[in-house]
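Visitor: Would you mind keeping the following structure in view while I ask a few things?
The values are calculated or read from the model by the stated rules, or taken from the named source; none is laboratory data. Since we're looking at a predicted model, the values are computed, not measured. Here the Cβ positions follow ideal geometry from the backbone for every residue, glycine too, while neighbour counts run over all protein chains shown.
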Amino acid sequence: MSGDSAAPAPGGTGDRTGRPVGRTGAGSRWGRLLDGGLLHGGVQGSPVLRLFLRWVRRPLLPVMRLWRRNIQLRVVVTTLLMSLGVVLLLGFVVIGQVRNGLLDAKVKASQSQATGGFAVAKQRADEAATATGEAASTTDGRSSQNVIQWMSDLVSSLSSGGQGAFDVVTLPAAGDDSGGGRGPRASGGVDPTASVPEELRARINGSMVAAQSYARIVYKDSDKGSQPALVIGKQVNDPNGDPYQLYYLFPLSQEEKSLSLVKGTLTTAGLFVVVLLGAIAWLVVRQVVTPVRMAARIAERLSAGRLQERMKVTGEDDIARLGEAFNKMAQNLQLKIQQLEDLSRMQRRFVSDVSHELRTPLTTVRMAADVIHEAREDFDSVTARSAELLADQLDRFESLLADLLEISRFDAGAAALEAEPIDLREVVHRVVGGAEPLAERKGTRIRVVGDQQPVVAEADARRVERVLRNLVVNAVEHGEGRDVVVKLASAGGAVAVAVRDYGVGLKPGEATRVFSRFWRADPARARTTGGTGLGLSIALEDARLHGGWLQAWGEPGGGSQFRLTLPRTADEPLRGSPIPLEPKDSRRNRGLDDAGLPRGEEKRATVPVQATGDRTASARGPIASRPVAVPPTADPTALPGNGARVVPRPASDARGQEAVPAVETAGNGSEGSAAPERVGPRDVTQQGEASRGR
Amino acid sequence: MMSFMKGRVLVVDDDTALAEMLGIVLRGEGFEPSFVADGDKALAAFRETKPDLVLLDLMLPGRDGIEVCRLIRAESGVPIVMLTAKSDTVDVVVGLESGADDYVVKPFKPKELVARIRARLRRSEEPAPEQLAIGDLVIDVAGHSVKRDGQSIALTPLEFDLLVALARKPWQVFTREVLLEQVWGYRHAADTRLVNVHVQRLRSKVEKDPEKPEIVVTVRGVGYKAGPS
């Protein structure tokens, strides 16, 4: 845990050294000053420190993850820690109280014992003094001799009362250097000077009040060791009236033993309590966590589609209620999904039935109409014309029915992809071959470029052909007799076919609407051109079924381009297209305005509006002056997105454009290379997302 | 023309209007149509009329078209063309797997149907005597027989045509489109599932181990070719 808070510090200082490189302007100067000067030391130390921290943290990471993910562990550990704290606190309090109780009793008993002893010593001294006073004529030497004897007697008589319960020590009063008889004495083999603390001696020196202190009794016999004791002392006079210090030493070993017993008991009990509490917490949490985990597991299974999964519910408590609610939810979900599935199945079934029911009579009508049509020369002109109209409109009716059924198959999710590796060049050539008759009628030439190398992708040939046929036929029909260019390219994980025409083009906003069902560019002339109005919708669905894109670009009067991008292998997500959506020879790319003049700065505002608006015009400003010396080689790394979604930065935008294999486009190559205006990346994204996202 | 003499077509369809219309068109093209509207009676009618070709609707009262197709195929190799209202993958594939040689999706144009029928009857013209070998098989083109070690293998005319087409040019890899044109007579590319299904059916008859084909070899991404003999 601490690693988390500690780690950012060295990392932060380390990062800061790199930052000024990217910065420009006045602000960075301060940064550089800070980094270079003030933080220099930190910078040098940080890599080592960071390494060390990482080294320390690495083995901890699994533990930390477990901590974060396992609520049971967390609760148990928290309970353990908290109960340990409580037990420790409780132990200290109890032990303190027991010790105080034990000592209080001992001290009181000792005090009364010692007081008695001091009284006896005083009494003895008085008696001895009276006796000595009668023999006052005797010499000083004899009296001192008596005192020594008296003192020894006193110590042994006083200590004889409490063998083992206490010892008696006499010490000369401070400043008494008379020596000789009043040397230290002690009973029970006690070392007199070492056992009485200096501090106590100083305290009773010169006062007539008893004092006490805790100390350790030290024995002369070093084998016996030492033991704690209560020392009570008082200054008393000897028979000569000279002061000396009398001490009672009460050993506390018994009390110490009792106390350690209590401590031991408490520790054992405390440990038990802590462990038991931990176990209890574990059990309790388990009761709650187990159903929660079960719910989580079952929710996962439900979301994985196993709708029949249910929680086991026992009892009537809150957990059981959770389980019941959960099961009810799952039940309802299953029911709803079932209903939807049934609906979808019914829809599919309906489509299938309609298909059959409509098609059989239509077949009869069709055949009848054809027979009539064949024989129209024998009819009068009105009937003959009627026969023609009948046959024509039956064609239209048929294709409309087919398209409708196809669309409803997509809507029902019944469309299946039969992908296998196909060479798109073959498909394109078939489609172009099929469109030739129409092109000849319209006076259009269809050119195919980029078919030198194989363009192979895993795709459903039937669907791809349908999409391309649609695009090519549309291009020829709206191309107003001008050339139609079909361009193939392959790069990265994608292949693309773009169909370019130079006809009326698309008005702003139409690039996405062309894919709408039954949408017509110009309602006024809607009925003159054939087609069901569903072609591009079906094409879009086909592209989507492949995991590919179908996008449109166009400018009013400048023609349009439809681009089909497919992933090279099925199920691989697309990241970009090998062909830019806006062709190189678009008006904007050529830098021409409506009048066909090279674009000047002042003209920018009146530039024909691009299909999806001109929002990025200002962003394009800086690049406009950059000449387009487009290298023909593709940069595969720059491919994805063709600048479409990548970045608003000028550099990578340009790179994205150049990455596209420079395929020769219609006629205006020299103008194209001289004209610097580029596609705003955002325009392309917009279109792409819009058509893809529906 | 030889093919016009063999012009008996059995139409199995429950829709009387369509059947009548089919009759009009077929007669107009010189065929001799006969009709049956019930799946249960189809087999009896087939035995009785001995047609050169069967036009079979997939959705029939009584036995459905798939079942009828299987029964006819069990006793004859006569060409069967399915009429189907559903161009969905499963229906078509199931129909082809049950033995149909070709299919036409409703609504069809009369010319399209006639072209399909002609294509299936055309192969009945007498071929020149010719012996071909493919793998360990010996093919007698004129005798219309395929033999392995003297044991003859029964093939439908379509399967035989497919095998002969591959065996005539063992050095060539046939794309599905080329096979469609040569064997089925499609002028422009149609449904390649026809080829896939019939190659599977052919393999199940002529290969020792259909899982590891040696006679009809798949060339991945291109098509099929004859195995080395």
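Visitor: Does A:Asp353 count as more than 36 Å from the chain's Cα centre (by Cα) and under 30 Å from B:Pro110 (Cβ atoms)? Let's see the steps before the verdict.
Guide: Details: more than 36 Å from the chain's Cα centre (by Cα): yes; under 30 Å from B:Pro110 (Cβ atoms): yes.
Yes: the conditions hold for A:Asp353.
Visitor: Follow-up question, since we're still on this one. Taking A:Arg445 and the conditions (1) within 13 Å of another protein chain (Cβ to nearest Cβ); (2) more than 51 Å from the chain's Cα centre (by Cα), which numbered condition does it fall short on, given that it satisfies the others?
Guide: That leaves (1) as the condition not met.
Visitor: Determine which single condition A:Asn327 fails, assuming it passes every other condition in (1) buried (at least 17 other Cβ atoms within 10 Å of the Cβ); (2) more than 21 Å from A:Ser303 (Cβ to Cβ).
Guide: Result: A:Asn327 passes all but (2).
Visitor: Let me ask something else. How many of the residues making up the stretch B:175-192 are part of a loop (DSSP other than H, G, I, E, B) and either within 14 Å of chain A (Cβ to nearest Cβ) or over 13 Å from the mean Cα position of the chain (by Cα) (or both)? Talk me through it step by step, then tell me what you get.
Guide: Taking the stretch B:175-192 first, the residues part of a loop (DSSP other than H, G, I, E, B) are B:185-192.
Applying the additional criterion that residues be either within 14 Å of chain A (Cβ to nearest Cβ) or over 13 Å from the mean Cα position of the chain (by Cα) (or both) yields B:186-192.
Count: 7.
Visitor: Which number in (1) touching a Leu at 6+ places or on another chain (Cβ under 9 Å); (2) within 14 Å of chain B (Cβ to nearest Cβ); (3) under 27 Å from A:Arg517 (Cα atoms) marks the one condition that A:Asn470 misses?
Guide: Of (1) touching a Leu at 6+ places or on another chain (Cβ under 9 Å); (2) within 14 Å of chain B (Cβ to nearest Cβ); (3) under 27 Å from A:Arg517 (Cα atoms), only one is false for A:Asn470: (2).
Visitor: Right, next: Just checking, does the stretch A:406-423 include any residue being free of Cβ contacts under 8 Å to residues at least 24 places away in the same chain and of a type in the set (S, T, N, Q)?
Guide: So in the stretch A:406-423, the residues free of Cβ contacts under 8 Å to residues at least 24 places away in the same chain come out as A:416.
Checking the rest, the ones that are also of a type in the set (S, T, N, Q) come to none.
No, there is no match, as no residue in the stretch A:406-423 is free of Cβ contacts under 8 Å to residues at least 24 places away in the same chain and of a type in the set (S, T, N, Q).
Visitor: Can you pull out every residue in the stretch A:243-281 that is more than 60 Å from the chain's Cα centre (by Cα) and exposed (fewer than 15 other Cβ atoms within 10 Å of the Cβ)?
Guide: Correct list: A:Ser253, A:Gln254.
Visitor: So, one more: What residue, of A:Asp370, A:Asp395, A:Asp411, A:Asp380, is closer than 17 Å to B:Ala17 by Cβ and among the charged types (D, E, K, R)?
Guide: Numbers: A:Asp395 fails: closer than 17 Å to B:Ala17 by Cβ; A:Asp411 fails: closer than 17 Å to B:Ala17 by Cβ; A:Asp380 fails: closer than 17 Å to B:Ala17 by Cβ.
Exactly one of A:Asp370, A:Asp395, A:Asp411, A:Asp380 is closer than 17 Å to B:Ala17 by Cβ and among the charged types (D, E, K, R), namely A:Asp370.
Visitor: With respect to A:Asp451, is the statement that it is of a type in the set (Asp, Glu), surrounded by 16 or more Cβ atoms within 10 Å (Cβ to Cβ) and away from chain B (no Cβ under 14 Å) true?
Guide: Values: of a type in the set (Asp, Glu): yes; surrounded by 16 or more Cβ atoms within 10 Å (Cβ to Cβ): yes; away from chain B (no Cβ under 14 Å): yes.
Answer is yes for this residue.
Visitor: Could you please find all residues in the stretch A:536-572 being among the β-branched types (Val, Ile, Thr) and not in a helix (DSSP H, G or I)?
Guide: As a first pass, look at the stretch A:536-572 and keep what is among the β-branched types (Val, Ile, Thr): A:538, A:565, A:569.
Hits for the stretch A:536-572 are A:Thr565, A:Thr569.
Visitor: Looking at the stretch B:39-56, can you tell me whether even one residue there is touching a residue at least 12 places away in the same chain (Cβ under 8 Å), within 14 Å of chain A (Cβ to nearest Cβ), out of contact with any strand residue (DSSP E or B) (no Cβ under 7 Å at 6 or more places or on another chain) and closer than 18 Å to B:Phe108 by Cβ?
Guide: no
Visitor: Checking the condition surrounded by 15 or more Cβ atoms within 10 Å (Cβ to Cβ), within 27 Å of B:Asp15 (Cα to Cα), within 11 Å of another protein chain (Cβ to nearest Cβ) and touching a Leu at 6+ places or on another chain (Cβ under 8 Å), which residue from A:Leu401, A:Leu405 passes?
Guide: None of the others qualify; the one that does is A:Leu401.
Residues are listed down the side, and each one gets a yes or a no for (1) surrounded by 15 or more Cβ atoms within 10 Å (Cβ to Cβ); (2) out of contact with any Lys or Arg (no Cβ under 9 Å at 6 or more places or on another chain):
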| site | (1), (2) |
| --- | --- |
| B:Ser145 | no, yes |
| B:Asp149 | no, yes |
| B:Ser152 | no, yes |
| B:Leu163 | yes, yes |
| B:Lys169 | no, no |
| B:Gln172 | no, no |
| B:Glu181 | yes, no |
| B:Asp191 | yes, no |
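Visitor: Sticking with this structure for a sec: I'd like to know if the stretch A:502-514 contains one or more residues that are among the small types (Gly, Ala, Ser), part of a helix (DSSP H, G or I) and surrounded by fewer than 20 Cβ atoms within 10 Å (Cβ to Cβ). Steps first, please.
Guide: Taking the stretch A:502-514 first, the residues among the small types (Gly, Ala, Ser) are A:503, A:505, A:509, A:511.
Remaining after also requiring part of a helix (DSSP H, G or I): A:511.
Checking which are surrounded by fewer than 20 Cβ atoms within 10 Å (Cβ to Cβ) leaves us with none.
No: zero hits.
Visitor: Under the condition of being at pLDDT 90 or above and basic (Lys, Arg), which residue from the stretch B:26-49 is nearest to the chain's Cα centre (by Cα)?
Guide: B:Arg47
Visitor: Output the number of the condition that B:Leu132 fails; it satisfies all remaining conditions of (1) within 14 Å of another protein chain (Cβ to nearest Cβ); (2) modelled with pLDDT under 85.
Guide: (1)
Every residue, every condition in (1) more than 26 Å from B:Ala74 (Cβ to Cβ); (2) away from chain A (no Cβ under 14 Å); (3) assigned to a loop (DSSP other than H, G, I, E, B); (4) among the charged types (D, E, K, R), yes or no:
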site	(1), (2), (3), (4)
B:Val138	no, yes, no, no
B:Leu155	no, yes, yes, no
B:Leu163	no, yes, no, no
B:Trp171	yes, yes, yes, no
B:Leu194	no, no, no, no
B:Lys208	no, yes, yes, yes
B:Thr218	yes, no, no, no
B:Gly221	yes, no, yes, no
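Visitor: Since B:Lys106 meets every condition but one in (1) surrounded by fewer than 17 Cβ atoms within 10 Å (Cβ to Cβ); (2) at pLDDT below 85; (3) at the interface with chain A (Cβ under 9 Å from one of its Cβ atoms), which condition does it not meet?
Guide: The single condition B:Lys106 does not satisfy is (1).
Visitor: Any idea which residue in the stretch B:78-93 is farthest from the other protein chains (Cβ to nearest Cβ), counting only those that are more than 18 Å from B:Asp14 (Cβ to Cβ) and at pLDDT 85 or above? Lay out the reasoning, then the answer.
Guide: Step one: of the stretch B:78-93, the residues more than 18 Å from B:Asp14 (Cβ to Cβ) are B:78-79, B:87-90, B:92-93.
Applying the additional criterion that residues be at pLDDT 85 or above yields B:78-79.
Numbers: B:Val78: 23, B:Pro79: 20 Å.
Checking each candidate, the answer is B:Val78.
Visitor: Turning to a different aspect of this structure: How many residues does the stretch A:428-480 hold that are within 15 Å of A:Ser490 (Cα to Cα) and in a helix (DSSP H, G or I)?
Guide: Residues in the stretch A:428-480 being within 15 Å of A:Ser490 (Cα to Cα) and in a helix (DSSP H, G or I): 1 in total.
Visitor: So which residues in the stretch A:72-131 are basic (Lys, Arg) and surrounded by 12 or more Cβ atoms within 10 Å (Cβ to Cβ), if there are any at all? Walk me through it before giving the result.
Guide: Kept after step one, since they are basic (Lys, Arg), are these residues of the stretch A:72-131: A:74, A:99, A:106, A:108, A:122, A:124.
The answer is A:Arg74, A:Arg99, A:Lys106, A:Lys122, A:Arg124.
Visitor: A further question on this structure: Within 14 Å of another protein chain (Cβ to nearest Cβ), over 19 Å from the mean Cα position of the chain (by Cα) and either crowded, with 22+ Cβ neighbours inside 10 Å or on the phi > 0 side of the Ramachandran plot (or both), is that true of B:Leu22? I'd like the intermediate steps shown before the answer.
Guide: On the way: within 14 Å of another protein chain (Cβ to nearest Cβ): yes; over 19 Å from the mean Cα position of the chain (by Cα): yes; either crowded, with 22+ Cβ neighbours inside 10 Å or on the phi > 0 side of the Ramachandran plot (or both): yes.
Here the answer is yes, as B:Leu22 does meet what is asked.
Visitor: Restricting to the stretch A:334-377, what's the tally of residues that are charged (D, E, K, R) and either touching a residue at least 60 places away in the same chain (Cβ under 8 Å) or within 14 Å of chain B (Cβ to nearest Cβ) (or both)?
Guide: Let us first name the residues in the stretch A:334-377 that are charged (D, E, K, R), namely A:336, A:341-342, A:345, A:348-349, A:353, A:357, A:359, A:366, A:370, A:374, A:376-377.
Subsequent filtering for residues that are either touching a residue at least 60 places away in the same chain (Cβ under 8 Å) or within 14 Å of chain B (Cβ to nearest Cβ) (or both) retains A:348-349, A:353, A:357, A:359, A:366, A:370, A:374.
Residues flagged as charged (D, E, K, R) and either touching a residue at least 60 places away in the same chain (Cβ under 8 Å) or within 14 Å of chain B (Cβ to nearest Cβ) (or both) within the stretch A:334-377 amount to 8.
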